[in-house]
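I have a structure I would like to understand better, so I am pasting it below and will then ask my questions one at a time.
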Amino acid sequence: MSRSRRHLDGAVLDLTRRRGVVTRLELAEDLEVTPATITNVVKRLLADDLLIETGYSASTGGKRRTLLRLNPASRYAVGLSLDPTRLMLALTDFAGTLVGRAVTPMPAAGDLEDVIDERLSLTLRAVGVAPEAVAGFGIVSTPNRPDPWLPSDPATADLASQAAQRLRTAAGRPVIVGDEASCAAMGELWARSAGTERRFATVYMSDQLSAGIALHGRVNDAVPRGNFGHMSIDRNGPPCPCGSRGCIDVLASPAAVVAQVLTNPAHAVRLGLSGTPAGLVADFSRIARGAMQGDRTCAAAITDAASALAVGIANLVTVLGLEQVILSGPGFVEAGGLYERVIGERLNQLRRVGSPAAAVTLSALDLGLEAATIGAAALVLQASVAD
């Protein structure tokens, strides 16, 4: 297939994905090609089962036009997320809908490849999907491990690298690595095809904070991961490893919350905090749960962090003219409601002074790691319709 033909096929699929349903005439007008050209492209994509006809448009006095949409069962993608304690696998269809999942304790590096193979096979069989229908694999890149396949232990690095290489070459299927926030934003686009022309940000919290930006139906991967966490919002604030002061990460990340509570050793003992890097996730979870249960110390720490985060989010909204902000990631699972309230109050203040934030909506996804894992699969789907 020629490059121009692949490009046009991909453009039709991508526009159909963004619209949800579309007519042949709308495709021709939006892509600025002749109706005859679109007729040939659609005929080819229907024959390949990538598109399906799904009823008719509303009558405008003439012949009702046939509506087209993506065929969800035409291809599938696998998303993988690895953290220190568990491995999560998500299987999505061509519409970005989650159709299968598996969660297992993180295996030893030497067993990683076999565990992925086993979990994938079980998941595919459970939902009746043939292995050859999988278009590829997406992997979530976590903050402290740019390549999640390469653990810090050099003795196991070769085995992990071999597992990655096997996925990259198996049946010619691609492997795409994406950061957490961009993956979560991509998953939002694919899972909610209607209205994807909107401008939104997915603010993702794991052990750090990051933001994935979607403008006009596309995730803006030109914004490097981690920049949001290093937005300075207090020039007199604590120093940040990046060299600046008062960055969002040092004021609002889980590490900042834990550090605030640890300033009083009595609270650390009372809450059972370890105060160690390895115990950061567990310590933050204890504080978040305490905040939701009414513990004043915990609530104050979470509220301070949410207030700092709200300033950064308000800056994003004002500069980019965002219409929606979505809170996502495991860091919001325990106390997402409290974060949502504090950030919402900040955005309401901007509305009262006529800021561009007047029309922004705020929501929280209670998906934890799953949001990014589903989005990693969506990276593969997006690549499959791109030139």
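The values are calculated or read from the model by the stated rules, or taken from the named source; none is laboratory data. Values in this document were obtained by computation on a predicted structure and should not be read as measured data. With ideal geometry, Cβ positions are generated from the backbone for all residues, glycine too; neighbour counts draw on all protein chains shown.
Could you identify the single residue in 376, 383, 364, 372 that is in contact with a helix residue (DSSP H, G or I) (Cβ under 7 Å, 6 or more places away or on another chain), at pLDDT 65 or above and over 25 Å from residue 252 (Cα atoms)?
The match here is 376.
When you go through 313, 326, 302 one by one, which is the residue that is within 12 Å of residue 205 (Cβ to Cβ), in a helix (DSSP H, G or I) and either acidic (Asp, Glu) or in contact (Cβ under 8 Å) with a residue 60 or more places away in the chain (or both)?
Criteria check complete, one pass: 313.
Of all residues in segment 45-78, how many are at pLDDT 90 or above, crowded, with 16+ Cβ neighbours inside 10 Å and not in a strand (DSSP E or B)?
5
Going by the conditions given, is residue 18 modelled with pLDDT under 90 and not in a strand (DSSP E or B)?
Yes: the conditions hold for residue 18.
Anything in segment 189-246 that is closer than 21 Å to residue 96 by Cα, assigned to a loop (DSSP other than H, G, I, E, B) and either in contact with a Ser or Thr (Cβ under 9 Å, 6 or more places away or on another chain) or at pLDDT 90 or above (or both)? List them, or say none.
193, 216, 217, 220, 221
Scan segment 21-44 residue by residue and report those that are among the aliphatic types (A, V, I, L, M) and part of a helix (DSSP H, G or I).
25, 27, 28, 31, 36, 38, 41, 42
For (1) hydrophobic (A, V, I, L, M, F, W, C); (2) in contact with a Ser or Thr (Cβ under 7 Å, 6 or more places away or on another chain); (3) outside the structural domain of residue 232 (by TED's automatic domain parsing); (4) within 22 Å of residue 346 (Cα to Cα), each residue gets a yes or a no:
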| position | (1), (2), (3), (4) |
| --- | --- |
| 257 | yes, no, no, yes |
| 262 | yes, no, no, no |
| 269 | yes, no, no, no |
| 279 | no, no, no, no |
| 283 | no, yes, no, no |
| 287 | yes, no, no, no |
| 293 | no, no, no, no |
| 300 | yes, no, no, yes |
| 303 | no, no, no, yes |
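Would you check if there is a residue in segment 268-288 being without any contact (Cβ under 8 Å) to a residue 24 or more places away in the chain and closer than 30 Å to residue 188 by Cα?
yes
Can residue 40 be described as over 27 Å from the mean Cα position of the chain (by Cα) and under 30 Å from residue 130 (Cβ atoms)?
The answer is yes for residue 40.
Oh, and also: Taking the condition more than 22 Å from the chain's Cα centre (by Cα) and free of Cβ contacts under 8 Å to residues at least 24 places away in the same chain, does residue 291 pass?
Taking the combined requirement at face value, the residue does not satisfy it.
Which numbered condition in (1) in contact (Cβ under 8 Å) with a residue 24 or more places away in the chain; (2) under 26 Å from residue 173 (Cβ atoms) is the only one that residue 38 fails?
With respect to (1) in contact (Cβ under 8 Å) with a residue 24 or more places away in the chain; (2) under 26 Å from residue 173 (Cβ atoms), residue 38 is out only on (2).
State all residues of segment 84-109 that are in contact with a strand residue (DSSP E or B) (Cβ under 9 Å, 6 or more places away or on another chain), buried (at least 18 other Cβ atoms within 10 Å of the Cβ) and not in a strand (DSSP E or B); if no residue qualifies, say none.
Of everything in segment 84-109, those that are in contact with a strand residue (DSSP E or B) (Cβ under 9 Å, 6 or more places away or on another chain), buried (at least 18 other Cβ atoms within 10 Å of the Cβ) and not in a strand (DSSP E or B) turn out to be 94, 95, 96.
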